[in-house]
Amino acid sequence: MTDGDAAPVVCRLEISGRVQGVSYRASMADQARALGIVGWVRNRRNGSVEAVVAGPADRVEQLIAWAWRGPVLARVDDVRIHADADSDGGFDGFEFRPTV
C-alpha cells in the first residue's frame, strides 16, 4: 500500500501529564511535519496539550504513538483520541494555535 492509498483521517488529541514547558508543542509540530501530517497544536489552561491532526491513517497512528512518548523532558500520562467530526481536515500545514 502506498501513502496515496492510505485512508485520510482527522482526529483530536488531548495529551495530559507534564506536557507544558517541555517543548512538547514544538516537538509535536516537527514530528507531524516530518510525517506529512497537517493540523494544529495548542496548550490548554488546564495544563494539557490539544491537537487536531489529519493525514493518512498509518501516519496519524505513528504521530499518536509519538504523542505517548513526547520529547525527552515530557511525562505523558494519557492521550485521549477523539474522531473530529467538526473538521474536514482542510489544513495547509501544521500550526500553533493560542492557548485556550
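Observations
- Our coupling estimate for region 17-28, obtained by passing each phi through the Karplus curve with A = 6.51, B = -1.76, C = 1.60 and θ = phi - 60°, is x, 8, 10, 10, x, 10, 6, 4, 4, 4, 5, 5 Hz, Gly and Pro reported as x.
- Across region 64-80, coupling constants 3J(HN,Hα) worked out from phi with the 6.51/-1.76/1.60 Karplus curve, θ = phi - 60°, read 5, 4, 5, 4, 5, 9, x, x, 4, 7, 7, 10, 8, 8, 7, 10, 8 Hz, and Gly and Pro carry x.
- Residue 16/residue 92 FRET efficiency (R0 35 Å; Cβ-Cβ; nearest 0.05): 0.80
- Quick note on region 25-76: its Rg to Rh ratio, both from C-alpha atoms and Rh being the Kirkwood radius, is 0.94.
- Counting 0.36 nm for each residue step from residue 72 to residue 58 and taking away their Cα separation leaves a gain of 2.7 nm.
- The 3J(HN,Hα) values that the Karplus relation (6.51, -1.76, 1.60; θ = phi - 60°) gives for region 47-62 are, in residue order, x, 8, 10, 10, 9, 10, 10, 9, x, x, 3, 5, 6, 4, 4, 5 Hz. Gly and Pro appear as x.
The numbers here are math on the coordinates, done by the rules we state, and not lab data. Everything numeric here is computed off the predicted structure, so don't read it as measured data. Note: ideal-geometry Cβ built from the backbone for every residue, glycine included; neighbour counts use all protein chains shown.
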